[in-house]
Amino acid sequence: MAKFNKHIFVCVNQRPEGHPRGCCDPAGSGNLQREFKTCLARSGVEASVRANKADCLDQCEHGPTVVVYPEGIWYGNVTLNDVNEIVQSHILGGRPVERLRIADRCLNTPACEHRPRQQ
């Protein structure tokens, strides 16, 4: 089996309703990850691009969160309607979808303006 060229990690973490950090998959359905798999298959690249479920990616305030490797491009507030655009533009075309990107200043930092303040 050939190695994958790209990995798409889709957060499916769940938190209780009303949690201050939010939740990427409140219904626990995994629909976003399944839509990526379906779209990759329709595009004929399912053998070289893998869409995996991931537990918490620690970008909850931006959820639902998706990250594409090896580029390390982070997307936030991704909906089912965004999946085809990400696959067509980024995965197939090499052009990240800028409107969905999480700003570098918000990644892995407690100072992001989207995070609730610690009390």
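What follows draws every value from the coordinates through simple rules; no lab data is involved. The model shown is predicted, which means the values in this text are computed figures rather than measured ones. Because the Cβ atoms are built from the backbone with ideal geometry, glycine has one as well, and the counts that use them run over all protein chains shown.
Estimated from the Cβ-Cβ distance and a Förster radius of 35 angstrom, the FRET efficiency linking GLN14 and ARG95 is about 0.65. Overall, the range 4-51 carries a charge dipole of about 140 debye about its Cα centre when +1 sits on the Cβ of Lys and Arg and -1 on the Cβ of Asp and Glu, all other atoms neutral. Per residue, the convex hull around the alpha carbon atoms of the chain comes to 105 Å³.
Here is how the number arises for the chain: DSSP H runs of 4 or more residues each give -39500 (n - 2.57), the sum is divided by the residue count, and the result at 222 nm is -3000 deg cm²/dmol. Residue ranges 44-53, 12-21 sort as 44-53, 12-21 when ordered by packing (mean number of other C-beta atoms within 10 Å per residue, highest first).
Against the longest alpha carbon principal axis of the chain, how many degrees, from 0 to 90 and to the nearest 10, is the axis of helix 31-42 turned? Between helix and principal axis, roughly 20 degrees. Contact order for the chain, expressed relative to its length and based on alpha carbon pairs under 8 Å spaced 6+ residues apart, stands at 28 percent.
When the chain is described by a simple charge dipole with +1 on each Lys and Arg Cβ and -1 on each Asp and Glu Cβ, the residue from LEU100, SER43, VAL67 located farthest towards its positive end is SER43. Each principal axis of the range 38-88 carries a Cα extent, and these read 32, 22, 18 Å when sorted largest first. Shape summary: the range 15-68 maps onto an equivalent ellipsoid whose semi-axes, from the alpha-carbon gyration tensor, are 25, 11, 7 Å in decreasing order.
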